[in-house]
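Structure first, then comments.
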Amino acid sequence: MLPQYGGAPNKKFDLVICDEAHHYANTSEGGFGGALRSINTESLLGLSATLGREGGKKRKELQSLLGEVVYTYTVEDAQEHGIIPEFEWTVHPTALEASEAGEWERKTNRITNLFKEVKYSTRSKRLLKQLDVPFVEFEDLGDFIRAHKAANIELDSVPESWENLHAAIMSRNMIRHRSRPKLDAAIELADEYLKAEGEGIKIVMFTMNIDMVEEIDDRLSGVCDNVFPVHSKVASSSKKKDRIVRRRIDNFKD
């Protein structure tokens, strides 16, 4: 929308809608919020599920840019209106394979060492005072993940030590996401539901890679006639892929 990126020069907009508006909390010259200030518009409307705590730095920055909150729609509202169904959250613990467990332990040791470095860093303590988070020092990795996310939104740059720790955490998470016993357990659970009595049983399964999608498709096709694998490689061309994906999603819905 900005002229230097191909937008119409000197154009004035009636209304600019900012989805995921929390990304505009960085109102400095190099941030998204700073860029938004230079757009010529009569009105701005921001949409976000994570505005930050009331009175916090992020909320104040967003309000300086977009104005006060004018409407809030909660999960409870959505359930009351039938947009989100009632649900139960059930956890099925699954152990890692021996090789996966060994790799997990090695990566955990690296994460522990990196976390100590970040936790006791003077720079970290200084940055935490700037961020819209409800703590001034790290107690655990959960605090770090929250602060890292805030830093990416609110700051122009994130310390290299923070990026290294975040990368190590994500790398360890991939062991869990791609675990063989976990995939087997998920397929067995789906098999159990699909064979249960009753009509209209639908299951959505999310995976981390295409190979897992293909394996689920192969193994559950023997249990159910309607299995619809959806991923970015269902066809070689983007146009054909989009058409196939749309058709499969519609078939699942029907």
request  = Loop sites only, by DSSP: take the trypsin sites (Lys or Arg not before Pro) in the chain that have at most 12 other C-beta atoms within 10 Å and name the longest stretch containing none of them.
outcome  = 54-128
inquiry  = Just to be sure I understand, if you calculate Cα Rg over 2.2 N^0.38 Å for this structure, which of [x] 1.29; [y] 1.00; [z] 1.89 do you get?
reply    = [x]
Stokes-Einstein D in µm²/s, Kirkwood radius over Cα pairs - the range 5-121 at 10 °C with 1.306 mPa s viscosity = 84
query = ³J(HN,Hα) across the range 158-168 via Karplus (A = 6.51, B = -1.76, C = 1.60, θ = phi - 60°), whole Hz, x for Gly/Pro?
reply = 10, x, 4, 4, 5, 5, 5, 5, 4, 4, 5
message = Let me check something: with ligands and nucleic acids excluded, how do TRP104, TRP162, TRP89 order by accessible area (1.4 Å probe), largest to smallest?
response = TRP89, TRP104, TRP162
Accessible surface of the chain, 1.4 Å probe, proportion on carbon and sulfur as whole % = 50
request  = Please determine, in degrees from 0 to 90 and to the nearest 10, the orientation of helix 98-119 with respect to the longest principal axis defined by the Cα atoms of the chain, where the helix direction is its Cα long axis.
outcome  = 10
request  = Report the far tail of the P(r) of the range 85-185, meaning the percent of Cα-Cα pairs longer than 24 Å.
outcome  = 38
Rg/Rh for the range 65-129, where both radii come from Cα atoms and Rh is the Kirkwood radius = 1.24
Low-density loop cleavage sites - GluC sites (Glu not before Pro) in the range 40-79, where at most 11 other Cβ are within 10 Å (DSSP) = GLU54, GLU68
message = So with the 1.4 Å probe, I'd like the accessible area per residue for the chain, rounded to whole Å².
response = 69
task = Please work out, to two decimal places, the log10 of the ratio I(q)/I(0) at q = 0.21 Å⁻¹ from a Debye calculation in which every Cα of the range 196-254 carries one identical scatterer.
result = -0.91
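The values are calculated or read from the model by the stated rules, or taken from the named source; none is laboratory data. Just so it is clear, the structure is predicted and the values come from calculations on it, not from any experiment. Positions of Cβ are backbone-derived with ideal geometry, glycine not excepted, and every protein chain shown enters the neighbour counts. For accessibility, only protein heavy atoms count, side chains too; no ligands or nucleic acids. Shrake-Rupley method; radii C 1.70, N 1.55, O 1.52, S 1.80 Å.
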